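All remarks here apply to the structure that follows.
Only the coordinates and a few stated rules stand behind these numbers; no lab work does. Note that the structure is predicted; figures quoted are calculated from it, not measured. Using ideal geometry, Cβ is built from the backbone for each residue, glycine included, and neighbour counts are taken over all protein chains shown.
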Amino acid sequence: QVQMVESGGGLVQAGGSLKLSCTASERIISNSDMAWYRRPPGKQRDLVAMITRSGLANYIDSVKGRFTISRDNAKNAVYLQMDSLKPEDTANYYCKTYGSYYSLSSWGQGTQVTVSS
């Protein structure tokens, strides 16, 4: 399994924006469906958004219209643009291969996003 490497988190005020990035040491992102997950403090890790190899995206209802998942296959990278952030978006964010590609990667350390009110 290939470990994912997430970056771009930080502390931001409510209403602000952050862009998360995800890369891997091997070229699996460009060949896989990908997803972003998050684990809020004291809660389980849940799916936030996914994107297919061809670029079709889906989101959970609570982030629709605020978050945008994208990919750059040439750079072997996937991104999560987060706008209009809310305190309830505070979590550690992870990326991973998704669906039938799930077992190709292992969980990385994630990147912490903290939204202050």
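Applying the condition of being among the charged types (D, E, K, R) and free of Cβ contacts under 8 Å to residues at least 40 places away in the same chain to the stretch 44-65 and asking which residue is farthest from LYS86 (Cα to Cα) yields ARG53. Filter the stretch 40-59 down to residues that are part of a strand (DSSP E or B) and surrounded by fewer than 16 Cβ atoms within 10 Å (Cβ to Cβ), then give me how many there are. Adding up the residues that qualify gives 4.
The residues of the stretch 1-30 that are in contact (Cβ under 8 Å) with a residue 60 or more places away in the chain and outside any strand (DSSP E or B), listed by number, are GLN1, GLY8, GLY9, ALA14, GLY15, GLY16, SER17, ILE28, ILE29. Kindly establish whether GLY65 is under 22 Å from THR23 (Cβ atoms) and assigned to a loop (DSSP other than H, G, I, E, B). When the stated conditions are applied, GLY65 does not pass them. Residue check: GLN109 meets all listed conditions (1) in contact (Cβ under 8 Å) with a residue 12 or more places away in the chain; (2) assigned to a loop (DSSP other than H, G, I, E, B); (3) more than 16 Å from VAL2 (Cβ to Cβ) but one, namely (3). Within the stretch 74-106, the set of residues being at negative phi and either assigned to a loop (DSSP other than H, G, I, E, B) or among the β-branched types (Val, Ile, Thr) (or both) comprises VAL78, ASP83, LEU85, LYS86, THR90, THR97, TYR98.
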